[in-house]
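Comments concern the structure below.
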Amino acid sequence: MRRHILVAASVLLLAGCGSGQIGDTGGGQTDPNNKNLALLTGMRGEPFYVSMECAAKQQAAAAGYNINAQAPEKFEQAEQSQMLTGIIGTRPGAVIIAPTDDKALAAPLQQAKNNGVQVVEVDTALEDRSIAVASLSSDNYAGGKLAAQTLAQLTGGKPGAVLALNTKAGTSTTDERAKGFEEEIAKHPNLRVLPTQYTENEPATAAQIVSATLAANPDLVGVFATNLNTGEGAGTALANAGRSGQVQLVGFDASPKQVEDLRNGRVQALIAQDPAAIGREGVDRAIAAIKGQPVERETKTNMIAITKDDMQAQSQYFYKSEC
């Protein structure tokens, strides 16, 4: 089983490297000598974004640029929009942002672009592709497919129901993961796919949904959690029900808590991204755009399936809780 999982991951590693087209440097009059960058991630203290921020700060410092990093308390549009308005007023050369809504953030980011601030999207992206000069993220659709392949292998052909837990509708990354999972898991006729449910990115909500699903579907054999908060909540519900390891849980991301859950058997596999690479490349794209150099419009970074058997060998993919 482990060999099959690693083969699938290797295929994605080859397919997930930088791809897309070379774009222009966006709109507005950007001062090529502006050494100030802004980083606005999706949620304060979330290990994925902490890992991204740590790498971005190191990359900016090495290039001689200042970077102002901020994040909303929760993954929601209102607070992030307010922060973005303040950032635009400081006129950085570029803002590197993980939009918390693929539509609602378009207007303030268009304003930033009109004011000569280059926009680089990291992790998540706007539906309107004309605003940002570059977008960097994991290949989330492929990651969802890898999660389905991994879950199918973990269930070992046992028939039963499987559940996908998404976060918030309109979040580009998790929507793509859920889509990839749903389309791939449908290829396994022994698995009955339940309707995808939304957790609002709250672990407690994820735990409640999984508890209710267990009660309504005694044949539940697998759960796919599309991000770390959802995975932590799902793991808690399965442990409280005494079903850890009986219901196979595949999580997305490798936060310290998720890694510990993998180690102690509450999670059976993790689909890990590379947030540090996204942070470094985001800074590089922003600096290139400020200087008027062409940048790659779309870039997809690597991810890998990690099980308990190979977790130490893949420890470079574990996320940080602090820099």
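Each Lys or Arg adds one and each Asp or Glu subtracts one; over the other residues with Cβ under 15 Å from the Cβ of Asp128, this totals -1.
Here region 58-133 is treated with +1 on each Lys and Arg Cβ and -1 on each Asp and Glu Cβ, and its dipole about the Cα centre works out to around 340 debye. So what's the net charge close to Gly160: Lys and Arg +1, Asp and Glu -1, counting the other residues with Cβ under 11 Å from its Cβ? Result for the neighbourhood of Gly160: +1. Measuring only protein heavy atoms, the 1.4 Å probe finds Arg44 accessible over about 120 Å².
With Rh defined as the Kirkwood radius, the inverse of the mean 1/r over Cα pairs, the Rg/Rh of the chain is 0.99.
Residues Tyr141, Tyr317, Tyr198 ordered from highest to lowest accessible area at a 1.4 Å probe: Tyr198, Tyr141, Tyr317.
In this structure, the residue pairs whose Cα-Cα separation is over 30 Å, taken from Lys57/Lys257; Lys35/Lys145; Lys145/Lys168; Lys113/Lys145; Lys35/Lys320, are Lys35/Lys145; Lys113/Lys145. Computed from the C-alpha gyration tensor, the three semi-axes of the ellipsoid equivalent to region 171-247 are 19, 17, 10 Å, from longest to shortest. The residues of the chain expose, per residue, 39 Å² of accessible area to a 1.4 Å probe.
Potential lengthening of the chain between Asn66 and Arg91 amounts to 7.7 nm, from the contour at 0.36 nm per residue minus the alpha-carbon distance.
Loop-located GluC sites (Glu not before Pro) in region 37-145 (DSSP state not H, G, I, E or B) with no more than 14 neighbouring Cβ atoms inside 10 Å: Glu73, Glu127. Relative contact order, whole percent, for region 31-108 stands at 44, derived from Cα pairs under 8 Å and 6 or more residues apart. A straight chain from Asn114 to Ala212 at 0.36 nm per residue would run longer than the Cα-Cα distance by 30.5 nm. Across region 95-105, computed HN-Hα scalar couplings (Karplus, 6.51 cos²θ - 1.76 cosθ + 1.60, θ = phi - 60°) run 10, 9, 9, 9, x, 7, 8, 6, 10, 5, 7 Hz from first to last residue, x flagging Gly and Pro.
A Förster radius of 25 Å, combined with the Cβ-Cβ distance separating Ala204 from Glu322, puts the computed FRET efficiency at roughly 0.55.
Comparing Pro218, Pro256, Pro203 in a Gaussian network model of the chain where C-alpha atoms under 10 Å apart are linked, the largest mean-square fluctuation is found at Pro218. Suppose we keep just the DSSP beta bridges with both residues in the chain; what percent of those would be antiparallel, to 5? Expressed as a percentage, antiparallel bridges in the chain total about 15.
Between Lys158 and Asp128, the distance separating the two model label sites (each 7 Å from Cα on the Cα→Cβ line) works out to 4.9 nm. Taking a point 7 Å from the Cα of Gln58 along the Cα-to-Cβ direction, the residues of region 300-316 with backbone N closer than 20 Å to it are 301-304, 312-316. Only aspartates and glutamates eight or more places from Lys179 in sequence, or on another chain, were considered; those with a Cα closer than 14 Å are Asp139. Remark: the Gln312-Ala107 segment gains 69.4 nm on full extension, using 0.36 nm per residue and subtracting the alpha carbon distance. Asn66 sits among other residues whose Cβ lies under 12 Å from its own Cβ, and their net charge, with Lys and Arg +1 and Asp and Glu -1, is +2.
The values are calculated or read from the model by the stated rules, or taken from the named source; none is laboratory data. This is a predicted model, so every value here is computed, not measured. Every residue, glycine as well, gets a Cβ built from its backbone with ideal geometry; the counts of neighbours run over all protein chains shown. Side chains included, ligands, DNA and RNA excluded: accessible areas come from the protein's heavy atoms. Shrake-Rupley method; radii C 1.70, N 1.55, O 1.52, S 1.80 Å.
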